[in-house]
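Worksheet: one structure, shown below.
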Amino acid sequence: MAARPLIRRLCIIGVGLIGGSLARALREAGEVDEIVGCGRGEDNLRTAVRLGVVDRYDTDPARAVTGADVVVVAVPLGAIAPVLRALVPHLSANTVVTDVGSAKGSVVADVERIYGAIPPNFVPGHPIAGTEQSGVEASFATLFQNRRVILTPLAETCATAHHLIRQMWALTGAEVIDMGVRHHDAVLAATSHLPHMLAYTLVDTLARLDDRAEIFRYAAGGFRDFSRIASSDPKMWHDICIANREQLLEMIALFSADLERLAEAIRSDDRATILATFQRAKRARDNLYLE
Ligand code: NAP
């Protein structure tokens, strides 16, 4: 007798880059019988069926989640609350729900508000993988390979649900790590959210200069590398800023103070400070990927 797959019916709400890539990876692993997609309109979902990312779709969340073992909410952070509100009355007590949102405190607050309490079968998650592309056509099965997925289970989270979501992500080739919600949001504010703010602001500042055409013409590889993430989806990043406001503002304040210190060193011809700053940063960057 053939072994049962890990998930019999998987429902992905928001079949975009992350939801689509997860569906593709689990299908390749042969650990899901049926994948049902759900979204706002039919265009993206039809494409998802045509590409073989999902088996079928339903634009009605109540019907889409029927009979699902696992529901993955993979919509932008600002859409998580309305999506959950539409789903919750139709979820069976056995369905495990997870999300992929880039900030976790806001998701946990949404869940608590909508369910009335943290439900045992909700496992907050965040894959630390992505590209600056969006939509199902940008999705690919190997997106999570050798990347990390952070789960932020809560005191109320049931061990079986937590274990199932761990296994699901492990099948994609990711290393699965548990972290506290606040710690996750602080770490991501520093390593992902602040860098996106810097890239967006730098490109926006330069793009508003009178001689921008000239400036961009002579931009070298370093600028291309640094500015790549400024082509990420603006709405998604708008939602992340708002969702992780408190922790992000702390990082922006810290960075602004350091930038001002560097500006002062340049202004006052304090060469020792300039050199020491760059040397410290080079040492840190050179050691970053060796640990
Ligand atoms: P995406 O490619 O734009 O996919 C999101 C999908 O959600 C869309 O395909 C869309 O499907 C649906 N959607 C969009 N707005 C919606 C709304 N207002 N209500 C309901 N559904 C909506 O985005 P993504 O990059 O996969 O990001 C999805 C989630 O993953 C976000 O919460 C993000 O924070 C998180 N994340 C992203 C990355 C990354 O690098 N991209 C990495 C880790 C985590 P329909 O058009 O069919 O409705």
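The values are calculated or read from the model by the stated rules, or taken from the named source; none is laboratory data. Predicted model only: the values in this text are computed from it and were never measured. When we count neighbours, we look across all protein chains shown, and the Cβ atoms used for this are built from the backbone with ideal geometry, even at glycine.
Can you find, within the stretch 32-82, the residue that is surrounded by the fewest Cβ atoms within 10 Å (Cβ to Cβ) among those that are closer than 23 Å to Y115 by Cα and of a type in the set (S, T, Y)?
Checking each candidate, the answer is T59.
State yes or no: is F255 surrounded by 15 or more Cβ atoms within 10 Å (Cβ to Cβ) and modelled with pLDDT under 95? Can you show your working first?
On the way: surrounded by 15 or more Cβ atoms within 10 Å (Cβ to Cβ): yes; modelled with pLDDT under 95: no.
No.
Mind counting the residues in the stretch 122-149 that are buried (at least 22 other Cβ atoms within 10 Å of the Cβ) and more than 13 Å from G173 (Cα to Cα)?
Summing the residues that are buried (at least 22 other Cβ atoms within 10 Å of the Cβ) and more than 13 Å from G173 (Cα to Cα) in the stretch 122-149 gives 7.
Could you check how many residues of the stretch 37-93 are out of contact with any strand residue (DSSP E or B) (no Cβ under 8 Å at 6 or more places or on another chain), outside any loop (DSSP other than H, G, I, E, B) and within 8 Å of the ligand (Cβ to nearest atom)?
6
Scan the stretch 94-119 for residues that are buried (at least 17 other Cβ atoms within 10 Å of the Cβ) and in a loop (DSSP other than H, G, I, E, B) and jot them down.
T95, V100, G101, S102, A103, K104, P119
Somewhere in the stretch 152-165, is a residue of a type in the set (A, V, I, L, M, F, W, C), within 16 Å of the ligand (Cβ to nearest atom) and touching a helix residue (DSSP H, G or I) at 6+ places or on another chain (Cβ under 8 Å)? First the steps, then the outcome.
First, pick out the residues of the stretch 152-165 that are of a type in the set (A, V, I, L, M, F, W, C): 154-155, 158-159, 161, 164-165.
Going one step further and asking which of them are within 16 Å of the ligand (Cβ to nearest atom), we end up with 165.
Cutting the leftovers down to touching a helix residue (DSSP H, G or I) at 6+ places or on another chain (Cβ under 8 Å) gives us none.
Checked the stretch 152-165: no residue is of a type in the set (A, V, I, L, M, F, W, C), within 16 Å of the ligand (Cβ to nearest atom) and touching a helix residue (DSSP H, G or I) at 6+ places or on another chain (Cβ under 8 Å).
Looking at the stretch 165-214 only, could you name the residues that are small (G, A, S) and closer than 24 Å to R24 by Cα? Reasoning before the result, please.
Taking the stretch 165-214 and keeping what is small (G, A, S), we get 170, 173-174, 180, 186, 189-190, 192, 199, 207, 213.
If the condition is that a residue be small (G, A, S) and closer than 24 Å to R24 by Cα, then A170, G173, A174 are the ones that fit.
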